Amino acid sequence: MKKISLFIFTLLSIFYFAQLNPVKTDTLLTVEIGGIKQAIEIKTDNTNKPILLFLSGGPGSSMMKNADSFTHILKNQFTIVQWDQRDAGKTLELNPSSVQPSVELMGKDTYEVINFLLKTLNQKKLYLLGSSWGNALGFYIVRNHPELLHAYFAVNPVISQLASEKELLKTLKSHFKDNSVAMQELSQVHFPFTNDEEMFYLRKWLFYKDGKQYVTSDDFKKGFLQWSKTWSAAWNEVMKIDLPKTLKKVNCPVYFLVGKNDIQTLTSITEKYYHEVRAPKKDLFLFENSGHQIHKDEAAKFQNTIIKTLD
């Protein structure tokens with residue numbers, strides 16, 4: 001603990017003096033967040049550039065490893081921050097979560113991360129981006145701490161996830177109507193999920209529809225059910241999120257970036273919410289050639305769209 005504290009003190013000193021002489025920084029930090037060690041990566045060529053913090057999808061996934069492929073344009077405008085959430089990526093390598101992850105717990109983690117970044121980089125606000133599941137945490141901040149945000153970017157967001165999952169099941173049953181194995185497994189899916197295999201069958205055939213043949217293997221099922229031991233409780237919380245009923249007004253600018261072909265977090269649900277929600281400033285950007293992963297499918301347009309909102 002003393003070593004970590006000394007390291008953080010040294011780092012804070014470096015960033016403090018960098019305010020006078022902004023420097024290039026590419027560093028991976030180990031910071032105590034929510035009672036455990038968590039990994040935060042900061043990349044910038046000017047420590048005075050506004051912060052853009054990414055909230056990875058999943059849950060249990062990391063965007064850190066491949067971040068350069070969808071931030072190489074953004075880095076001209078922002079200090080780019082990737083954070084591996086508890087029980088994901090480099091944070092999991094450091095230590096497993098001491099308690100079962102939940103939306104509330106990880107929302108509080110997000111708040112701590114934001115405060116750490118603002119203090120470390122001597123800024124009053126930052127830009128926040130949530131991808132898929134990351135929006136469960138992002139909208140937690142939008143709801144509870146909008147004063148900390150220049151703006152929020154909701155990328156393929158969870159809006160009314162139960163409604164989205166129900167439509168997904170209909171789509172998959174229609175698509176695989178001539179596949180007896182798919183129909184037999186999809187017929188076992190009910191809402192809310194009563195066991196982890198129901199969610200597995202829904203995701204298996206969603207991914208198979210996207211061309212991922214490996215999902216039919218025993219190893220994939222084993223891995224998914226292992227993931228479920230940690231995350232199914234948190235995902236069942238996400239299934240209860242219904243922003244049109246619970247968050248009709250936000251107090252910071254909000255921008256929705258959605259793939260036209262996204263059936264995992266249904267695009268039409270996001271579009272409807274965009275038109276209904278009240279915000280000091282809002283916009284919606286549709287990505288014609290993308291599904292659920294627009295930062296991969298249309299990386300350049302994804303980045304340039306974010307930059308466009310700064311004007």
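The values are calculated or read from the model by the stated rules, or taken from the named source; none is laboratory data. None of these values were measured; they are calculated from a predicted model. So basically every Cβ, Gly included, is an ideal-geometry build from the backbone, and we count neighbours across all protein chains shown.
General remarks:
- Subset of the range 80-90 [part of a helix (DSSP H, G or I) and either under 16 Å from Phe116 (Cα atoms) or in contact (Cβ under 8 Å) with a residue 60 or more places away in the chain (or both)]: Lys90
- Search result, residues across the range 152-162 that are closer than 21 Å to Ile294 by Cβ and either surrounded by fewer than 24 Cβ atoms within 10 Å (Cβ to Cβ) or β-branched (Val, Ile, Thr) (or both): Val155, Val158, Ile159, Ser160
- Taking the numbered list (1) touching a residue at least 60 places away in the same chain (Cβ under 8 Å); (2) under 23 Å from Asp297 (Cβ atoms); (3) assigned by TED's automatic domain parsing to the domain that holds Asp283 in turn, Glu167 passes all entries but (3).
- For Lys212, the conditions (1) surrounded by 15 or more Cβ atoms within 10 Å (Cβ to Cβ); (2) among the charged types (D, E, K, R); (3) out of contact with any Ser or Thr (no Cβ under 6 Å at 6 or more places or on another chain) are fulfilled apart from (1).
- Qualifying position, being free of Cβ contacts under 8 Å to residues at least 60 places away in the same chain and closer than 20 Å to Pro96 by Cβ, among Lys65, Lys49, Lys75: Lys65
- Within the range 189-224, the set of residues being of a type in the set (Val, Ile, Thr) and either assigned to a helix (DSSP H, G or I) or in the same structural domain as Asn289 (by TED's automatic domain parsing) (or both) comprises Val215, Thr216.
- Residues in the range 43-77 that are assigned to a strand (DSSP E or B) and of a type outside the set (S, T, N, Q): 6 in all.
- Test result for Leu129, farther than 18 Å from Gln38 by Cα, among the aliphatic types (A, V, I, L, M) and buried (at least 21 other Cβ atoms within 10 Å of the Cβ): yes
- In this entry, Asp87 passes the filter for residues that are on the phi > 0 side of the Ramachandran plot and assigned by TED's automatic domain parsing to the domain that holds Ser132.
- Candidates in the range 154-177 are the residues that are of a type in the set (Val, Ile, Thr) and farther than 15 Å from Lys240 by Cα; of these, the one that is nearest to the chain's Cα centre (by Cα) is Val155.
- Selection over the range 178-195 of residues that are surrounded by 11 or more Cβ atoms within 10 Å (Cβ to Cβ) and modelled with pLDDT of 95 or more gives a count of 8.
- Taking the listed residues Leu6, Leu20, Leu11, the one that is more than 30 Å from Thr230 (Cα to Cα), surrounded by 16 or more Cβ atoms within 10 Å (Cβ to Cβ) and at pLDDT below 95 is Leu11, with no other qualifying.
- Gly107 within 23 Å of Pro244 (Cβ to Cβ) and either at pLDDT 95 or above or outside any helix (DSSP H, G or I) (or both): yes
- Residue in the range 156-177 that is touching a Pro at 6+ places or on another chain (Cβ under 8 Å) and either at positive phi or among the hydrophobic types (A, V, I, L, M, F, W, C) (or both) present: yes
- Some residue of the range 63-86 being within 27 Å of Gly259 (Cα to Cα), of a type in the set (S, T, N, Q) and modelled with pLDDT under 95: yes
- Checking the stated criteria, Val158 turns out to be of a type outside the set (D, E, K, R), under 16 Å from Gly57 (Cα atoms), part of a loop (DSSP other than H, G, I, E, B) and touching a helix residue (DSSP H, G or I) at 6+ places or on another chain (Cβ under 6 Å).
- Which numbered condition Thr194 misses (of (1) farther than 25 Å from Thr270 by Cα; (2) of a type in the set (Val, Ile, Thr); (3) touching a residue at least 60 places away in the same chain (Cβ under 8 Å)): (3)
- Tally of residues being touching a Cys at 6+ places or on another chain (Cβ under 8 Å) and not small (Gly, Ala, Ser) across the range 279-309: 1
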